[in-house]
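See structure below.
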Amino acid sequence: MKHTSKNTSKRLLPVSVFLAAGIAMLAFTARHADAVSGCCSRHDGVCDCECCDGAPLSETCRSRMPQCGGKKEVTPKKATGKSPRQKTKVKPPKTFVAPVTKVKDGDTLIVVWQKHQISIRVADIDCPEFKQPFGIEAMHFTENLVGGQSVTVNVRATDRYGRTVADIVLADGTSLAAALLKAGLAWWYRQYSEDKSLEAMEEKAREAKRGLWTAPDPIPPWVYRREERKRAQN
């Protein structure tokens with residue numbers, strides 16, 4: 001005996017219906033993406049991955065809407081405040097031997113100790129500034145005397161600029177400060193030195209009219225720097 005079945009089986013919807021629904025959903029998402037992205041606000045909104053008035057989407061807008069073919073916008077990492085190449089401050093010993101790699105001016109030079117560059121300010125003297133008479137001559141004198149040579153550094157202190165204040169002694173025992181004074185290319189730095197033998201060297205160079213003492217009334221570099229600061233403030 002045949003059983004008559006009711007026509008209650010579910011009918012499969014055509015695939016085209018699902019495709020149409022999906023396309024409609026994407027179109028809806030694209031049309032209303034401007035509500036989230038803020039794009040095309042002056043072009044009647046976003047329609048099908050372009051502004052509704054026909055204007056193209058900017059790269060920034062595309063990056064905010066991956067469905068329109070843009071790449072996901074990457075949020076930059078917050079800065080940690082740490083420099084990748086921070087210089088390590090090194091405290092050298094009281095006395096050490098190091099090569100001179102650079103002469104910056106008559107009384108300032110760079111030495112390398114254990115792979116660290118150390119800025120040295122020669123103690124007890126003050127050479128003319130570059131714009132003063134004999135400022136360049138003082139630098140060349142120091143270059144010829146210690147440039148590329150190993151010197152003994154006797155540390156005295158650290159100045160406000162972070163430089164190591166020190167006596168510089170050549171391999172033959174010559175003091176760089178004394179050599180500059182004898183050549184008439186430095187002043188005895190009387191405000192910071194108590195070495196009267198260096199004062200006597202300055203006096204002899206003055207009497208012999210060597211170097212900067214050929215001028216009738218040379219201006220000490222500390223006075224020159226003070227006047228330059230005043231001019232810069234005015």
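Only the coordinates and a few stated rules stand behind these numbers; no lab work does. Computed from a predicted structure; not experimentally measured. No Cβ is skipped: glycine too gets one built from the backbone with ideal geometry, and neighbour counts run over all protein chains shown.
Ordering 117-125, 144-152 by mean Cβ neighbour count within 10 Å, with the highest value first, yields 117-125, 144-152. Here region 95-217 is treated with +1 on each Lys and Arg Cβ and -1 on each Asp and Glu Cβ, and its dipole about the Cα centre works out to around 300 debye. In loop segments of region 105-208 as defined by DSSP, the chymotrypsin sites (Phe, Trp or Tyr not before Pro) with at most 10 further C-beta atoms inside 10 Å of their C-beta are Tyr161.
Full extension of the chain between Arg206 and Lys91 yields a length gain of 37.7 nm, computed as 0.36 nm times the residue separation minus the alpha carbon distance.
Checking the cross-link pairs Lys94/Lys209; Lys94/Lys182; Lys91/Lys230 against a 29 Å limit on the alpha carbon distance flags Lys94/Lys209; Lys91/Lys230 as lying beyond it.
The H on the amide N of Trp113, modeled in the peptide plane, is under 5 Å from the matching H of Ile118, each at least 5 residues off or on a different chain.
Each of Ile136, Gly148, His116 was placed along the dipole of region 111-150 (beta-carbon charges, centred on the mean Cα), and the one lying farthest toward the positive end is His116. One decimal place: the segment Lys230-Glu143 gains 28.2 nm when fully extended, by the rule 0.36 nm per residue minus the C-alpha distance.
The GluC sites (Glu not before Pro) found in region 138-234 that occupy coil by DSSP, while having at most 10 further C-beta atoms within 10 Å, are Glu194. Working note: Karplus 6.51/-1.76/1.60 with θ = phi - 60° gives region 203-220 the couplings 5, 5, 5, 5, 5, 7, 6, 8, x, 5, 7, 6, 6, x, 8, x, 8, x Hz, where Gly and Pro are set to x. Close amide H pairs (under 5 Å, H built 1.01 Å from N) link Ala123 with Ala166, Asp167, Ile168, residues at least 5 positions away or on another chain. From the backbone phi of region 101-109, what are the Karplus-calculated ³J(HN,Hα) couplings (6.51 cos²θ - 1.76 cosθ + 1.60, θ = phi - 60°) in whole Hz, Gly and Pro given as x? The phi angles translate into 9, 7, 10, 8, 7, x, 10, 9, 8 Hz.
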